[in-house]
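In what follows, a single structure is set out as structure tokens and then discussed.
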Amino acid sequence: MHTAHRKAFLARLAETNSAAIIPTGDAPRRNGDSEYRYRPESDFVYLTGFREPNATLVLLPNRAEGKAVLFLQEKDPEREVWTGRRLGLNAAPETLGIDEARPIAALWDDLPALLEGHDRVVYQSGIDEVRDREMLHVFEVARGRKRRGGTAPSEWTDPDATLHELRLFKSDAELECMRKAAAVSVEAHIAAMREAAPGKNEGELDALLEYTFRRRGGTGASYSNIVAGGANACILHYVQNDAPLVDGELVLIDAGAEWNYYASDVTRTFPVNGRYSREQRALYEVVLAAQRAGIELVRPGGNANAVHDAAVDVLVDGLLDLGLLTGSKAEVLEQETYSRFYMHKTGHWLGLDVHDCGAYFIDGEPRAFEPGMVQTVEPGLYVAPDDTTVDERWRGIGIRIEDDVLVTKDGREVLTSDVPTEVDEIEAICAGR
């Protein structure tokens, strides 16, 4: 899979005689001398599958041979006792299918000569300030070589138009990873529904999700789990996950497993005590209808804006019918008065990153869906607990429903459809049936 990715990217680079520098960083510091568990940069893992920190891939389409050069840490038995085994220079070419391996310590000294003969460099700036300064120095050295009669790149460009366009379209091998991530997420969400009960804590469900993700072979969570009981669900990116679950309230779980670094992204909202109240069910049914309207438009030729507009249309009808909004539908849509209950878009690309790369607009127009793209569909309604403009019975209810949808040549495939969305199914699972 990664060899195929490199081959496709090298072909893109050759079209503009560009080299590419794709680094991955170190494990970030957590506190004191502790570090977070390492996760490689997505562009880097897309092209290499290599999981070690402190490495850089250099792609050089203008070279006759040695087009893929990986700079990585050398073997060091003393350090490996403390921080884990390293692949090393000798094993890297055969193991990873790259052409040449060099020590990471030589990267900045070697780059000017390697880049010679290329007109530009694809490099993602703005992530690591120290790395950016080193790149500027490399360009200074390259310019000196150019003044002496050599050829060297004179500019760098970000990967959006090349590498990120390739990442937007998922291969069969990538989709296999995403289906496995989805399957693990299905199991985790159903387990959380069964486990929830009044008096338990958000943290218990959070721990159960993490346990399931890793127990089933995933590389962990795609993002920080959101386990939001009651009014916490009205905080879109709530991640404290430490409040008690209260009888009569809902719990919103937004969590997805990662498989071989490919993401899933699933949200379900269900009752802590296993039964939706009348108001909870009424709002839930509106959100579910909005999601179905959005999913219906995920197909070749559709676009993310149309998905969002379809979901908003249904949400506005529901809010007017339930009396949470007043006025005509045309006024509500024109003035966007619905936005205090629904303030986010209805989906995003999904892949190695949970908010994956790829342009949403082409020449100012919404980009049409094509087979191989994966888009989430995630409408919601959030009634703030202090919103005195609505009846008290609605306040503090937050609901979101989210699934991962693959665009196929004939329509769509909902990768996460095995997590129930119907009220009766959810209540049955919560009751242990």
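Among the strands (runs of 3 or more DSSP E) lying completely within the range 1-96, list those that include at least 3 residues that are within 29 Å of the chain's Cα centre (by Cα) and under 26 Å from Val354 (Cβ atoms). Spell out how you get there, then give the answer.
Working: elements: 18-24, 29-31, 55-59, 68-72.
Qualifying strands (runs of 3 or more DSSP E): 18-24, 29-31, 55-59.
Out of the range 122-135, which residues are within 29 Å of Ala8 (Cβ to Cβ) and either part of a helix (DSSP H, G or I) or at pLDDT below 90 (or both)? Even if it seems obvious, please write down each step before you answer.
Residues of the range 122-135 that are within 29 Å of Ala8 (Cβ to Cβ), as a first pass: 122-128, 131-132, 134-135.
Listed by number, the residues that qualify are Arg131, Asp132, Glu134, Met135.
If I ask for residues that are at pLDDT below 95 and under 29 Å from Gly144 (Cβ atoms), which ones from the range 84-107 would you list?
none
In the range 307-351, which residues are farther than 26 Å from Gly411 by Cα, among the hydroxyl-bearing types (Ser, Thr, Tyr) and surrounded by 15 or more Cβ atoms within 10 Å (Cβ to Cβ)? Give the derivation first.
Filtering the range 307-351 down to residues farther than 26 Å from Gly411 by Cα leaves 316-343.
Narrowing the set further to residues that are among the hydroxyl-bearing types (Ser, Thr, Tyr) leaves 326, 328, 337-339, 342.
If the condition is that a residue be farther than 26 Å from Gly411 by Cα, among the hydroxyl-bearing types (Ser, Thr, Tyr) and surrounded by 15 or more Cβ atoms within 10 Å (Cβ to Cβ), then Thr337, Tyr338, Tyr342 are the ones that fit.
Among the residues of the range 257-281 satisfying the criterion of being among the basic types (Lys, Arg) and surrounded by fewer than 19 Cβ atoms within 10 Å (Cβ to Cβ), which is nearest to the chain's Cα centre (by Cα)? Spell out the reasoning first.
From the range 257-281, those among the basic types (Lys, Arg) are 268, 275, 278, 281; that's our starting set.
Add one more test, that the residue is surrounded by fewer than 19 Cβ atoms within 10 Å (Cβ to Cβ), and what stays is 275, 278, 281.
On the way: Arg275: 32, Arg278: 34, Arg281: 30 Å.
Within the range 257-281, the match that is nearest to the chain's Cα centre (by Cα) is Arg281.
Kindly check whether there is at least one residue in the range 299-318 that is in a loop (DSSP other than H, G, I, E, B), in contact with a Gly (Cβ under 9 Å, 6 or more places away or on another chain), more than 17 Å from Met343 (Cα to Cα) and in the same structural domain as Trp394 (by TED's automatic domain parsing). Break it down into steps so the answer makes sense when it comes.
Kept after step one, since they are in a loop (DSSP other than H, G, I, E, B), are these residues of the range 299-318: 299-302.
Then keep just the ones that are in contact with a Gly (Cβ under 9 Å, 6 or more places away or on another chain); that gives 299-300.
Checking which are more than 17 Å from Met343 (Cα to Cα) leaves us with 299-300.
Right, trim to in the same structural domain as Trp394 (by TED's automatic domain parsing) and you get 299-300.
Checked against the condition, which is being in a loop (DSSP other than H, G, I, E, B), in contact with a Gly (Cβ under 9 Å, 6 or more places away or on another chain), more than 17 Å from Met343 (Cα to Cα) and in the same structural domain as Trp394 (by TED's automatic domain parsing), the range 299-318 yields at least one hit.
Go through the range 352-362 and give me each residue that's within 9 Å of the chain's Cα centre (by Cα) and surrounded by 15 or more Cβ atoms within 10 Å (Cβ to Cβ).
Our first condition is that a residue be within 9 Å of the chain's Cα centre (by Cα); within the range 352-362, this holds for 352-357.
Listed by number, the residues that qualify are Leu352, Asp353, Val354, Asp356, Cys357.
Run Leu10 past the list (1) modelled with pLDDT of 95 or more; (2) in contact with a helix residue (DSSP H, G or I) (Cβ under 8 Å, 6 or more places away or on another chain) and report the number of the one that doesn't hold.
(2)
Residues Glu100, Glu80, Glu74: which one is more than 23 Å from Glu129 (Cα to Cα), exposed (fewer than 14 other Cβ atoms within 10 Å of the Cβ) and of a type outside the set (Ser, Thr, Tyr)? Talk me through it step by step, then tell me what you get.
Values: Glu100 fails: exposed (fewer than 14 other Cβ atoms within 10 Å of the Cβ); Glu74 fails: exposed (fewer than 14 other Cβ atoms within 10 Å of the Cβ).
The conditions single out Glu80.
Of the residues Asp172, Asp99, Asp132, Asp160, which single one is under 30 Å from Thr267 (Cβ atoms), without any contact (Cβ under 8 Å) to a residue 40 or more places away in the chain and not small (Gly, Ala, Ser)?
Numbers: Asp99 fails: under 30 Å from Thr267 (Cβ atoms); Asp132 fails: under 30 Å from Thr267 (Cβ atoms); Asp160 fails: without any contact (Cβ under 8 Å) to a residue 40 or more places away in the chain.
It is Asp172.
Go through the range 282-298 and give me each residue that's among the small types (Gly, Ala, Ser) and under 27 Å from the mean Cα position of the chain (by Cα).
Matches in the range 282-298: Ala289, Ala290, Ala293, Gly294.
State the number of residues belonging to the range 319-335 that are touching a residue at least 40 places away in the same chain (Cβ under 8 Å) and part of a helix (DSSP H, G or I).
1
Would you check which residues across the range 374-394 are in contact with a helix residue (DSSP H, G or I) (Cβ under 8 Å, 6 or more places away or on another chain) and of a type outside the set (Val, Ile, Thr) and list them? Before the answer, list the steps.
In the first step, residues of the range 374-394 are kept if they are in contact with a helix residue (DSSP H, G or I) (Cβ under 8 Å, 6 or more places away or on another chain); the result is 374-375, 377-385, 387, 393-394.
Of everything in the range 374-394, those that are in contact with a helix residue (DSSP H, G or I) (Cβ under 8 Å, 6 or more places away or on another chain) and of a type outside the set (Val, Ile, Thr) turn out to be Gln375, Glu378, Pro379, Gly380, Leu381, Tyr382, Ala384, Pro385, Asp387, Arg393, Trp394.
If the requirement is being polar (S, T, N, Q) and loosely packed, with under 13 Cβ neighbours inside 10 Å, which of these qualifies: Asn54, Asn90? Explain how you work it out, then say what you get.
Values: Asn54 fails: loosely packed, with under 13 Cβ neighbours inside 10 Å.
Selected residue: Asn90, the only one of Asn54, Asn90 that is polar (S, T, N, Q) and loosely packed, with under 13 Cβ neighbours inside 10 Å.
The values are calculated or read from the model by the stated rules, or taken from the named source; none is laboratory data. Keep in mind it's a predicted model, so treat the numbers as computed, not measured. Cβ: placed from backbone, ideal geometry, glycine included. Neighbour counts: every protein chain shown.
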